[in-house]
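The values are calculated or read from the model by the stated rules, or taken from the named source; none is laboratory data. Because the structure is a prediction, the values reported are computed rather than measured. All Cβ positions, even for glycine, are placed from backbone atoms using ideal geometry, and neighbour counts span all protein chains on display.
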Amino acid sequence: MRRGFPRLLSLLLVTALLTGCWDHIEIEALEFAFGLGVDQVEPDYVVVVEMVKTSGGGQQAEVEPLVLATKGKSVSAAGRSLSNPAGLRAFWPHAYVFLMSEQVAREGIVPAVENIVRSRYIRSTVWVFITKDCTAEEVFKSKPPAANSVSEHLNAIALMQETISGFIPLQVWQLSQAFAAEGIAAILPTVKLVHEQGDLVPIVEGTAVFKGDRMVGWLDGHESDILCLLKGIIQRCYFVIDTKVGENEFFPITYELVGNRVEIKPQDKDGKLSVSIALDLHFSVEEMGRAPYSFRDEAFARSVQAQLATAFTHWIREFLSKTQQEYNADILGFGQLVRRKEPQVWRRLGENWDVHFRDLPVDLEVKCKVTMAGLSSEPLRVRE
Amino acid sequence: MFFWQKTKKNAPQPRGLDDLNPSLEINLHWLKADILASDETIVYRRFKTSGAKARDCVLVYADNMVKHEFLSQFVLRPMMQSSPPKHLRGEELIRYLSANVIESDGSELVARYGEIGDKIMNGVAVLLVDGCPLGIAVDAKGWPKRAVTEPPSESVVRGPRTGFSEDLGVNISLVRLKLSSPNFKTRFLYVGTQTKTKVAILYLDNVTSLDLVEEVARRIDAIEIDAVLDSGYIQEMIRDAPYSPFPTIGHTERPDVAAAKILEGRVAVLVDGSPFALTVPYLLVEAFQVNEDYYNQWMVGSFHRLIRYISYFITTSTPAIYIALISYHPQLIPTNLVVSISASRKNVPFPGIVEVILMGLVFEILREGGVRLPRPIGQAISIVGAIVLGEAAVSASLVSAPMIIVVGVTGVAGFVNPALNDIAVLIRLLFVFLAAGLGLYGYVFGTIAIVLLLSSMESFGVPYLSTMTTIRPQDIKDTVVRVPWWQMRLRPRYLATKDRQRLQRRTGSKGP
């Protein structure tokens with residue numbers, strides 16, 4: 001016992017202390033990287049990093065963003081050149097966003113994202129965006145009105161997705177699933193710059209449509225809302241529709257989508273494949289403006305619902321023709337559905353799905369219902 | 001060779017065991033020359049009895065240790081007025097005086113010089129009569145005593161206000177007032193070769209295991225020390241696990257707490273001259289129990305107890321976790337916080353561990369300073385310390401602002417558990433070093449080590465963690481929470497071995 005004890009103790013200490021990897025680093029030696037962007041892949045990678053520079057100490061601590069662009073043979077190699085010559089030790093686990101420029105997206109995103117998916121430093125909850133009509137560097141150098149840094153600004157917007165709509169956010173952990181799935185094309189949200197009182201402000205709006213890992217086109221905010229609708233993602237989108245009231249008067253009325261039920265079914269009739277989409281949409285009236293009608297008037301309510309159905313049918317048709325014919329990217333995942341529901345058909349058509357998808361007939365049935373009218377069903381009346 | 005060997009050779013033989021001499025003058029000589037020599041507080045009051053054959057008498061006592069009016073009225077006056085029969089002499093005379101003259105409830109005969117010395121030192125007056133080889137010891141104890149006041153170290157909002165004082169007799173009676181039953185037993189022991197301090201063991205005959213009482217008595221008997229000035233001496237001499245920082249013997253300044261512990265089957269030890277009663281066995285749960293838990297409504301009591309557990313976690317672990325997070329795991333801190341901590345540490349020259357130790361040291365110094373100083377100055381010190389030092393240290397970039405919060409929270413949370421606060425400092429230090437060396441991994445190791453230590457400890461045969469590691473419903477009813485009184489039907493299993501029944505039947509307004 002006496003002789004065995006030191007051995008036992010040293011064995012315990014060795015097994016306890018020599019496992020795992022961790023390193024001691026004082027927190028003030030780190031610069032926190034908030035955002036990473038890839039602007040160019042060929043011939044050299046151009047990597048942009050947004051970090052926050054902390055300074056001061058004592059009671060006057062200051063935090064300001066710092067954007068650095070570096071070059072290298074790969075994303076990680078470019079990242080390393082932050083340490084030398086920039087002299088900063090970037091700390092990645094607190095990163096918020098990952099941006100790719102349109103150029104990178106059109107050339108194929110795999111070389112740019114591979115490192116992000118693999119890296120053990122970058123969290124899988126980082127938001128992924130494609131920059132539209134600008135580079136990642138320009139986005140990082142723009143000036144968000146409220147947040148300290150662009151990354152925080154974009155993170156805040158992405159978190160508010162349910163109420164602001166116009167895009168479908170995506171995080172790094174969903175990337176591989178989105179790009180690897182069979183029979184469905186990937187989409188990524190887009191960031192663009194708008195002028196706001198003399199400053200360039202980054203906003204998140206629209207969707208980049210991919211085919212394989214290459215970007216093939218854009219969807220704007222409204223089309224992204226239609227996409228959400230068809231994907232069954234609950235977003236409280238606003239739709240302002242010029243509604244015909246009475247004889248020939250049109251008033252812009254704002255409807256908020258409060259519920260949607262989507263049913264997409266592939267049908268195989270006599271060797272002819274088609275897809276039927278049944279939509280059941282519920283709206284609440286948010287704003288009526290000067291429209292003088294009361295929603296107690298059943299005829300009016302019915303007319304409004306019919307007009308909504310017409311409008312949505314039109315939009316969805318436009319959306320479908322854009323994705324089918326223009327981009328030929330199956331972002332709604334019709335192929336995936338066929339594969340699941342009609343495996344025999346998929347075996348027959350899967351090989352050349354692009355061709356079949358382009359001319360796939362789609363039956364569309366849209367039902368709209370106004371279920372709420374806020375606190376008053378009557379219009380605001382003003383004495384003449 | 002050495003001077004003390006020479007003096008030892010020439011020293012006169014001690015008279016302590018010698019019997020008294022019939023001659024009053026010889027007795028007085030020996031008292032003055034040997035037993036009570038060089039003590040000018042001893043009063044020798046000479047007087048004579050009346051009657052035909054007046055006897056020479058001397059009343060010997062220590063000044064200010066006796067009730068002077070009592071001696072004058074009930075010893076001196078009857079003696080002076082008495083005229084004992086002529087034929088009485090020697091022992092018969094003394095017995096006559098003790099039986100017929102002295103009007104005191106406490107008197108006994110003493111025969112040896114040594115006894116006289118001890119008695120006089122304890123506030124007893126000794127009456128010597130010429131021609132008698134015996135003396136009469138008259139109990140007239142009357143030294144200044146502190147009144148029974150509220151104990152400063154354990155004040156309560158709701159509960160009895162009495163606290164122990166320095167007098168053993170008073171203290172025993174304070175406990176007896178709470179437990180007025182013939183089953184309440186006391187046993188006296190004397191400790192200290194110089195002080196012969198009286199120590200009392202208090203227990204309930206029908207609840208406490210007699211083995212426990214015997215063990216306590218045995219350990220106290222085995223103490224060989226020259227003096228016992230406070231119960232702290234005994235506490236340290238008889239405790240289990242002497243090298244563990246955790247207390248294995250409880251102490252309290254309140255009779256109600258002592259009585260409650262005795263009722264649970266514990267033994268209380270009172271030491272003359274100390275207002276702190278010791279209670280054994282002492283378990284870790286007791287450090288988190290406060291008498292007010294039992295006097296307040298049970299939900300409130302349970303909540304306060306939970307707060308105490310949480311505070312102890314905070315006071316032992318906050319600095320260690322903070323160090324581990326900022327030096328090893330910055331990815332675990334929320335982003336906004338990590339940036340602001342980083343910014344506030346930008347110009348601080350020291351690593352986190354130095355900061356923690358520096359500020360912890362300052363805090364302990366301030367606390368110690370505040371404790372020892374008179375109360376008004378102590379308050380001033382703590383305010384100066386908290387505001388001026390903290391502010392100045394931050395603006396001078398000596399420490400970072402979050403560290404002030406960490407140290408402040410740690411310190412304040414420590415005051416919630418006074419019984420374990422001193423150990424909390426040690427545990428905190430251990431955790432901080434481990435966290436600084438190994439991060440959260442090290443902190444976890446430290447916690448495991450503490451749990452191992454605790455579970456290996458015992459107090460008077462009772463495992464230190466018992467009732468905390470059990471799943472028996474009756475035993476956990478008074479641990480992390482305090483269930484209502486009508487639920488606590490039995491006394492703790494580990495302590496009360498004889499009569500475990502606390503509630504005789506289902507009583508209380510809403511017993512289930």
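Residues checked against (1) modelled with pLDDT of 90 or more; (2) away from chain B (no Cβ under 14 Å):
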site	(1), (2)
A:GLY56	no, no
A:GLN59	no, no
A:SER76	no, yes
A:SER83	no, yes
A:ALA86	no, yes
A:ARG89	no, no
A:PHE98	yes, yes
A:ALA105	yes, yes
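Any chance the stretch A:346-369 includes a residue that's more than 30 Å from A:LYS244 (Cβ to Cβ), surrounded by fewer than 19 Cβ atoms within 10 Å (Cβ to Cβ) and among the polar types (S, T, N, Q)? Yes, that holds for at least one residue.
Does A:ALA291 qualify as being surrounded by 15 or more Cβ atoms within 10 Å (Cβ to Cβ), out of contact with any helix residue (DSSP H, G or I) (no Cβ under 9 Å at 6 or more places or on another chain) and closer than 17 Å to A:GLU223 by Cα? No; evaluated as a whole, the condition is false for this residue.
Out of the residues in the stretch B:449-472 that are under 30 Å from B:LEU358 (Cβ atoms) and away from chain A (no Cβ under 14 Å), which is surrounded by the fewest Cβ atoms within 10 Å (Cβ to Cβ)? Per the stated criteria, the residue is B:VAL451.
Taken as a whole, the structure leaves B:VAL156 outside the set of residues that are closer than 26 Å to B:GLN194 by Cα and touching an Asp or Glu at 6+ places or on another chain (Cβ under 7 Å). Residue pairs whose Cβ atoms lie under 8 Å apart, sitting 6 or more positions apart in sequence or on different chains, and linking a residue in the stretch B:305-332 that is away from chain A (no Cβ under 14 Å) to a partner that is acidic (Asp, Glu), are B:ARG305/B:ASP293.
Considering (1) over 30 Å from the mean Cα position of the chain (by Cα); (2) farther than 19 Å from A:TYR121 by Cβ; (3) of a type outside the set (Ser, Thr, Tyr); (4) within 14 Å of chain B (Cβ to nearest Cβ), the lone condition that A:VAL63 does not fulfil carries the number (1). The residue of the stretch B:388-413 that is nearest to the other protein chains (Cβ to nearest Cβ), among those that are in a helix (DSSP H, G or I) and of a type in the set (Ser, Thr, Tyr), is B:SER395. Return the residues of the stretch A:195-216 that are at positive phi and not polar (S, T, N, Q); say none if nothing qualifies. Listed by number, the residues that qualify are A:GLY198, A:GLY206, A:GLY212.
Of all residue pairs spaced 6 or more apart or on separate chains, none has beta-carbon atoms under 9 Å together with a first member in the stretch B:368-395 that is in contact (Cβ under 8 Å) with a residue 24 or more places away in the chain and outside the structural domain of B:VAL348 (by TED's automatic domain parsing) and a second member that is in a helix (DSSP H, G or I) and loosely packed, with under 12 Cβ neighbours inside 10 Å. Reported count of residues in the stretch B:55-72, each being free of Cβ contacts under 8 Å to residues at least 24 places away in the same chain and more than 14 Å from B:TRP143 (Cβ to Cβ), is 2. Scanning the stretch B:372-414 for residues that are among the β-branched types (Val, Ile, Thr) and touching a helix residue (DSSP H, G or I) at 6+ places or on another chain (Cβ under 7 Å) gives B:ILE381, B:VAL394, B:VAL399, B:ILE404, B:VAL406, B:VAL407, B:VAL409, B:THR410. Considering only residues in the stretch B:337-355 that are outside any helix (DSSP H, G or I) and either more than 7 Å from chain A (Cβ to nearest Cβ) or touching a Pro at 6+ places or on another chain (Cβ under 7 Å) (or both), the one that is nearest to A:VAL63 (Cα to Cα) turns out to be B:PRO349.
Once the stretch A:8-41 is narrowed to residues that are among the polar types (S, T, N, Q) and either without any contact (Cβ under 8 Å) to a residue 24 or more places away in the chain or surrounded by fewer than 17 Cβ atoms within 10 Å (Cβ to Cβ) (or both), the residue that is nearest to B:ASN336 (Cα to Cα) is A:THR19. B:ASN100 satisfies every condition listed in (1) surrounded by fewer than 16 Cβ atoms within 10 Å (Cβ to Cβ); (2) in contact (Cβ under 8 Å) with a residue 12 or more places away in the chain; (3) within 30 Å of B:GLY250 (Cα to Cα) except (3). Within the stretch A:93-144, being among the small types (Gly, Ala, Ser) and within 24 Å of A:GLN177 (Cβ to Cβ) holds for A:ALA95, A:SER101, A:ALA105, A:GLY108, A:ALA112, A:SER119, A:SER124, A:ALA136. Could you please let me know if A:ASP44 is of a type in the set (D, E, K, R), touching a Ser or Thr at 6+ places or on another chain (Cβ under 9 Å) and either more than 12 Å from chain B (Cβ to nearest Cβ) or surrounded by fewer than 17 Cβ atoms within 10 Å (Cβ to Cβ) (or both)? It is false that A:ASP44 is of a type in the set (D, E, K, R), touching a Ser or Thr at 6+ places or on another chain (Cβ under 9 Å) and either more than 12 Å from chain B (Cβ to nearest Cβ) or surrounded by fewer than 17 Cβ atoms within 10 Å (Cβ to Cβ) (or both).
Going through (1) crowded, with 21+ Cβ neighbours inside 10 Å; (2) touching a Ser or Thr at 6+ places or on another chain (Cβ under 9 Å); (3) farther than 17 Å from B:VAL409 by Cα; (4) not small (Gly, Ala, Ser) one by one, B:LYS346 falls short only on (1). Every condition in (1) under 18 Å from B:TYR96 (Cβ atoms); (2) surrounded by fewer than 19 Cβ atoms within 10 Å (Cβ to Cβ); (3) in contact (Cβ under 8 Å) with a residue 12 or more places away in the chain holds for B:ARG77 except the one numbered (3).
Restricting attention to the stretch B:91-123, the residues that are more than 14 Å from B:ILE35 (Cβ to Cβ) and not in a loop (DSSP other than H, G, I, E, B) add up to 13. Put simply, of A:VAL126, A:VAL117 the only residue that is under 30 Å from B:ILE326 (Cβ atoms), within 14 Å of chain B (Cβ to nearest Cβ) and not basic (Lys, Arg) is A:VAL126.
Considering the conditions (1) of a type outside the set (S, T, N, Q); (2) in a helix (DSSP H, G or I); (3) modelled with pLDDT under 90; (4) buried (at least 19 other Cβ atoms within 10 Å of the Cβ), B:VAL416 is excluded by exactly one of them, (2). Scanning the stretch B:366-411 for residues that are within 22 Å of B:SER311 (Cα to Cα) and surrounded by fewer than 13 Cβ atoms within 10 Å (Cβ to Cβ) yields B:GLU368, B:VAL371.
For B:THR248, are the conditions met, namely being touching a His at 6+ places or on another chain (Cβ under 7 Å), at negative phi and polar (S, T, N, Q)? Against the criterion (touching a His at 6+ places or on another chain (Cβ under 7 Å), at negative phi and polar (S, T, N, Q)), B:THR248 does not qualify.
Identify all residues within the stretch B:436-448 that are more than 10 Å from chain A (Cβ to nearest Cβ) and over 36 Å from the mean Cα position of the chain (by Cα); write none if there are none. Matches in the stretch B:436-448: none. Note on the stretch A:121-217: enclosed helices (runs of 4 or more DSSP H) holding 2 or more residues that are among the aromatic types (Phe, Trp, Tyr) and in the same structural domain as A:GLY37 (by TED's automatic domain parsing) are A:172-180.
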